[in-house]
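Enquirer: Here's a structure for you.
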Amino acid sequence: MKTLLDVLQRTEAWFRSRELPSPRFDAEVLIAQVLGMKRLQLYMEYDRPFSPEELEALRVLVRRRGNREPLHHITGQRGFHAIELDLTPDVLVPRPDTEVLVETALSWMEEDPDPVFVVDVGTGSGAIALSIATARPGARVYAVDISPKALAVAKANGTRLGLTDRVAFLRGHLLDPIPESRQIDWVVSNPPYIPTRVIDTLEPEVARFEPRIALDGGRDGLGVYRELIPAARARARKGLLLEIGHDQGEAVSSLMRDHGFEGVEVIGDYGGNDRVVAGRIPGY
C-alpha cells in the first residue's frame, strides 16, 4: 500500500512532467483536499497509508489539474485578504495582486466617517466587496456584476460570511443598478482589462477556463475604463480606485485626469508592477 509520501512524490513528478508552474504546491493542496487535512498537516503524516478509494479520488483531481484547470476551481476555495471564498468556474480566481486594490481603498477611506458607501463594479466572487466590508465594519457596499451566475457566487459568499446586512448584490452594467438617490462615496473595480487578441496567448488556466467576460477589455484593454471613469466621476463623492494591467498605468491615469479626477496616483503590486490607479473627486 502506498504511503502519503509516495503519493506526494509521484504526483509532484507527474505535474512537473506536465510543466505546471507549482507542481509541489499543487500536489500538496490536492492531497490535503482528498484527505480532509490542512496542507501543513501532510508533513506530520508522511507514513500514512493511502486507501484505494482515496487514490481514485485523487486521480480524478490530478487529471483535472494536469489538464490545466485552475487549482482553485478544483478545490472550490481561495483565501483572499482576510476571508475565504467559495469559487466556481463562473468567476475569476482572485489574484494576490488584487489585494493591493483592497489595501489601497481601505487606506484612502481611512479618515472617512461611517457609514462610508462603496461600490465594487464587476464583483465576481465578491472578493473586493466582502474584503472591504470585513475590514471596515462601517462600510456599506454595493456589489455589482452583469453576470447572474457570478452574482450568485458573490451572494453565497456574503451569506456564508454573515455580511448580507451590509453588502447588497445588484445585477447590471457598471453603476446603472444603483438608484440616483443613493449615495456613493467610493467606486472600486477590477474590470476586464486584457486586450481581446492577447487572451488566447495567456496560460491555459486563464485562456481556457476563466470566464472571458471577466477578462476581455476590448481592442486595447481600455474599453471598460472609458465607460466607468466618467460614470464614476458623475456619481462618486470622494474617489475611484481601479486595478489595471501592468502596462496600463499611464493610459488609465490620463483618462482619469481627463475626466477631472485629482491627485491621481499609480500604485505598484508586490512584484513591483503598476497595479492600481486611484484618484479623488475635486473638493474632497
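Enquirer: Can you work out the FRET efficiency for the pair LEU55 and GLU19, with r the C-beta to C-beta distance and R0 = 22 Å, to the nearest 0.05?
Expert: So the FRET efficiency works out to roughly 0.40.
Enquirer: Now for a separate question. Within straight cross-link reach of LYS2, meaning Cα distance under 22 Å, which lysines are found once same-chain residues fewer than 8 apart are removed?
Expert: Here the lysines satisfying the reach criterion relative to LYS2 are LYS38.
Enquirer: Find the centroid of the Cα atoms in the stretch 197-241 and in the stretch 136-183, then give the distance between the two in whole Å.
Expert: Centre-to-centre distance over Cα atoms comes out at 19 Å.
Enquirer: Between GLN77 and THR196, what is the spin-label point distance in nm, taking each point 7 Å from the Cα along the Cα→C-beta axis?
Expert: 4.0
Enquirer: Okay, moving on. What accessible surface, in Å², does a 1.4 Å probe find on THR104, ignoring ligands, DNA and RNA and rounding to the nearest 10?
Expert: Counting only protein heavy atoms, the figure is 20 Å².
Enquirer: Can you tell me the dipole magnitude for the stretch 36-88 around its Cα centre, using point charges on the Cβ only (Lys, Arg +1; Asp, Glu -1), in Debye to the nearest 20?
Expert: 280
Enquirer: Here's a follow-up. Excluding ligands, DNA and RNA, what is the solvent-accessible area per residue of the chain at a probe of 1.4 Å, expressed in Å²?
Expert: Details: 13250 Å² over 284 residues.
Spelled out: the 1.4 Å probe surface of the chain, per residue, equals 47 Å².
Enquirer: Mind computing the radius of gyration and Dmax over the alpha-carbon atoms of the stretch 35-96? Å is fine for both.
Expert: Cα only, the stretch 35-96: 13.8, 38 Å (Rg, Dmax).
Enquirer: A follow-up question, please. Between ARG160 and ARG95, what FRET efficiency follows from the Cβ-Cβ distance if R0 is 25 Å, with the result rounded to 0.05?
Expert: 0.75
Enquirer: Given charges of +1 on the Cβ of Lys and Arg and -1 on the Cβ of Asp and Glu, with all other atoms neutral, how large is the dipole of the stretch 72-134 about its Cα centre, in debye to the nearest 20?
Expert: I would put it at about 320 debye.
Enquirer: Once neighbouring chains are kept in place and the probe is 1.4 Å, which whole percent of the accessible area of the stretch 89-216 is contributed by carbon and sulfur?
Expert: Taking all protein chains in place, the stretch 89-216 shows 53 percent carbon and sulfur surface.
Enquirer: Suppose each label sits 7 Å from its Cα in the direction of the beta carbon; what would the TYR43-GLU203 distance come out to in nanometres?
Expert: 2.3
Enquirer: Also: Where the only charges are on Cβ atoms (+1 Lys, Arg; -1 Asp, Glu), what is the dipole of the stretch 117-222 about its Cα centre, to the nearest 20 debye? Intermediate values should be presented prior to the final figure.
Expert: On the way: 12 positive and 12 negative charges, 64 e Å.
Roughly 300 debye for the stretch 117-222.
Enquirer: Applying 1/(1 + (r/R0)^6) with R0 = 35 Å to the Cβ-Cβ distance of GLN9 and ASN273, what FRET efficiency is obtained, to the nearest 0.05?
Expert: Rounded to the nearest 0.05, the efficiency is 0.50.
Enquirer: D for the chain, whole µm²/s, Stokes-Einstein with Kirkwood Rh over alpha-carbon pairs at 10 °C and 1.306 mPa s: what number?
Expert: On the way: Rh = 20.2 Å.
Result for D is 79 µm²/s.
Enquirer: Any idea what angle helix 23-35 forms with the longest principal axis of the chain, computed on alpha-carbon atoms, 0 to 90 degrees, nearest 10?
Expert: Between helix and principal axis, roughly 80 degrees.
Enquirer: Which of ALA135, ALA207, TYR284 sits closest to the plus end of the dipole of the chain, meaning its Cα is farthest towards the positive end, when Lys and Arg get +1 and Asp and Glu get -1 on the C-beta?
Expert: Of the options given, the answer is ALA207.
Enquirer: How big is the accessible area of ASP247 in square angstrom, nearest 10, if you roll a 1.4 angstrom probe over the protein chains?
Expert: Approximately 120 Å² for this residue.
Enquirer: Any idea which of LEU55, LEU222, GLY268 is furthest toward the positive side of the dipole for the chain, if Lys and Arg beta-carbons carry +1 and Asp and Glu beta-carbons -1?
Expert: Towards the positive end, the residue furthest out is LEU55.
Enquirer: A further question follows. For a bin width of 10 Å, list the pair-distance distribution of the stretch 1-157 built from all Cα-Cα distances, rounded to whole %.
Expert: 10, 33, 26, 19, 10, 2, 0
Enquirer: Related question: Once you put a point 7 Å from the Cα of ARG63 and another 7 Å from the Cα of ARG212, both along the Cβ direction, what distance in nm separates them?
Expert: Label-label distance for ARG63 and ARG212, simple model: 2.7 nm.
Enquirer: Which residue, GLY36, GLY162, GLY79, has the most motion in a Gaussian network model of the chain that connects Cα atoms within less than 10 Å?
Expert: Answer for the Gaussian network model of the chain: GLY36.
The values are calculated or read from the model by the stated rules, or taken from the named source; none is laboratory data. Nothing here was measured: the structure is a model prediction, and the numbers come from that model. Cβ coordinates were reconstructed from backbone atoms using ideal geometry, including for glycine residues, and neighbour counts include every protein chain displayed. Side chains are part of the model used for accessible areas, which takes the heavy atoms of the whole protein and leaves out ligands, DNA and RNA. Shrake-Rupley method; radii C 1.70, N 1.55, O 1.52, S 1.80 Å.
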